[in-house]
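The values are calculated or read from the model by the stated rules, or taken from the named source; none is laboratory data. Bear in mind that the values here come from a model prediction, so they are computed numbers and not experimental data. Here Cβ is always computed from backbone atoms with ideal geometry, including for glycine, and neighbour counts include all displayed protein chains.
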Amino acid sequence: MTGSPARCALGRFTVNETVAVAPAATAGIRTGSPIVQPDRAARGRRYGDRVMEPLPADVASVLDALLDEADPAHALLRRQIPHLRVSGRCTCGCGTAYFELDTAAVESAPSGPGTVVAAEFQIYLVDGECPGEVLVFAENGYLSWLEVCSWSDTVDVTLATVQQSLRR
């Protein structure tokens, strides 16, 4: 992460490098962002008392692009993608997604204890402007969330913006 504070696309929360992050298994707000629980009527798998939303294609695509299969730790994280379910989303539309994962079904990656940035990508527009970044977080070796951050007051940074930048 850079030294600049990052915020979700509409500036509803701020994440600094030194922010302590609540455990991914903890329900509720993780980085100060408002989250939306999936609609119970939506198709999904029950996990505890919540219904988990299947992993959307755009989230899976970004995870696939950011986790380098040549990196052994990333390879283990990539194997977790088919098992991920979305437990919440940021309400601003940025694309930030929080994950639930049956850890008994997959092997953990060697990321060490606690929460780490497993992958990051700075987003560049056609004109060379860098309005934000996307971060993949792992907790205790398991994918925990995908964070879409914006530093721009003029560009809405979303997963679509990330995907366009990844194609360049």
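Output the number of the condition that Met52 fails; it satisfies all remaining conditions of (1) closer than 18 Å to Leu143 by Cα; (2) hydrophobic (A, V, I, L, M, F, W, C); (3) modelled with pLDDT of 50 or more; (4) out of contact with any strand residue (DSSP E or B) (no Cβ under 7 Å at 6 or more places or on another chain).
Met52 satisfies every listed condition except (4).
Please state which of the following conditions Gly93 fails to meet, knowing it meets all the rest: (1) under 18 Å from Leu159 (Cβ atoms); (2) touching a residue at least 40 places away in the same chain (Cβ under 8 Å); (3) within 12 Å of the chain's Cα centre (by Cα).
That leaves (3) as the condition not met.
Taking the condition of being part of a loop (DSSP other than H, G, I, E, B), hydrophobic (A, V, I, L, M, F, W, C) and free of Cβ contacts under 8 Å to residues at least 24 places away in the same chain, how many residues in region 57-74 meet it? Give the steps one after another, and end with the answer.
Here is the first cut: in region 57-74, the residues part of a loop (DSSP other than H, G, I, E, B) are 67-71.
Next, only the ones that are hydrophobic (A, V, I, L, M, F, W, C) stay: 67, 70.
Right, trim to free of Cβ contacts under 8 Å to residues at least 24 places away in the same chain and you get 70.
Qualifying residue count for the region: 1.
Given the residues Leu143, Leu77, Leu166, which is the only one that is modelled with pLDDT of 95 or more and part of a helix (DSSP H, G or I)?
Numbers: Leu143 fails: part of a helix (DSSP H, G or I); Leu166 fails: modelled with pLDDT of 95 or more.
Within the list Leu143, Leu77, Leu166, the selection yields Leu77.
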